[in-house]
1. For Glu74, work out the one condition from (1) surrounded by 13 or more Cβ atoms within 10 Å (Cβ to Cβ); (2) assigned to a loop (DSSP other than H, G, I, E, B); (3) touching a residue at least 40 places away in the same chain (Cβ under 8 Å) it doesn't fulfil.
2. Can you tell me which residues in segment 49-62 are on the phi > 0 side of the Ramachandran plot and touching a Lys or Arg at 6+ places or on another chain (Cβ under 9 Å)?
3. Identify, by number, the condition in (1) modelled with pLDDT under 85; (2) among the polar types (S, T, N, Q); (3) surrounded by 10 or more Cβ atoms within 10 Å (Cβ to Cβ) that Asn49 doesn't meet.
4. Can you name the residue in segment 52-69 that is closer than 19 Å to Ala132 by Cα and small (Gly, Ala, Ser) and, of all such residues, is most open to solvent (accessible area, probe 1.4 Å)?
5. Residue by residue through segment 2-44, note down the ones that are open to solvent by 30 Å² or more (accessible area, probe 1.4 Å), at negative phi and assigned to a loop (DSSP other than H, G, I, E, B).
6. Name the pairs: first residue in segment 12-25 and in contact (Cβ under 8 Å) with a residue 12 or more places away in the chain, second residue of a type in the set (Asp, Glu) and surrounded by 14 or more Cβ atoms within 10 Å (Cβ to Cβ), Cβ to Cβ under 8 Å, at least 6 apart or on different chains?
Amino acid sequence: AANAYCRWRGGRLPTIAQWELAAAGDGETGREILEWYGRPLPAVLPPANSGKANRYGVRGMHGLIWEWVLDFNEEMVSDEGRATTAPEEGLFCGAGAAAALDPSDYATFMRTAFRSSLKANYTVRNLGFRCAQ
């Protein structure tokens, strides 16, 4: 549905890389982002245009909702890779963290874990999307 809506509007869902690049422009620290992850969901979500615009002019990248991205399920491998007789060491979460540019960026790992838990027909109260041009 999100893909169809974005196409109807002449856009598309951003990729993980595009979303993360735009999110990096807001100057939020990992600690501030993790504090949002730990807060209970408010009864009424804030307006979509709330918050200060980041250096790219984008608002609400952190602290509003979780967001769909086009390639939401491409960051983590399935457990199917673990059933082989000669598993690849790079298929496990620890190997992914070891290969990360910043292994201390726990907020990014939280987003990765959330995205990898999704299926295309899932929805939750604070899961939304934005269209990219």
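The values are calculated or read from the model by the stated rules, or taken from the named source; none is laboratory data. As the structure is a prediction and not an experimental result, all values here were calculated from the model. Note: ideal-geometry Cβ built from the backbone for every residue, glycine included; neighbour counts use all protein chains shown. Note: accessible area is taken over every heavy atom of the protein model, side chains too, but ligands, DNA and RNA are not part of it. Shrake-Rupley method; radii C 1.70, N 1.55, O 1.52, S 1.80 Å.
1. (1)
2. Gly51, Gly60 - these are the residues of segment 49-62 that are on the phi > 0 side of the Ramachandran plot and touching a Lys or Arg at 6+ places or on another chain (Cβ under 9 Å).
3. Among (1) modelled with pLDDT under 85; (2) among the polar types (S, T, N, Q); (3) surrounded by 10 or more Cβ atoms within 10 Å (Cβ to Cβ), the lone unmet condition for Asn49 is (3).
4. Going through the qualifying residues, I end up with Gly57.
5. Arg9, Thr15, Asp26, Glu28, Thr29, Arg39, Pro40, Leu41, Pro42, Ala43, Val44 - these are the residues of segment 2-44 that are open to solvent by 30 Å² or more (accessible area, probe 1.4 Å), at negative phi and assigned to a loop (DSSP other than H, G, I, E, B).
6. Sorted first by the residue in segment 12-25, then by its partner, the pairs are Thr15/Asp71; Ile16/Asp71; Ile16/Glu75; Trp19/Glu67.
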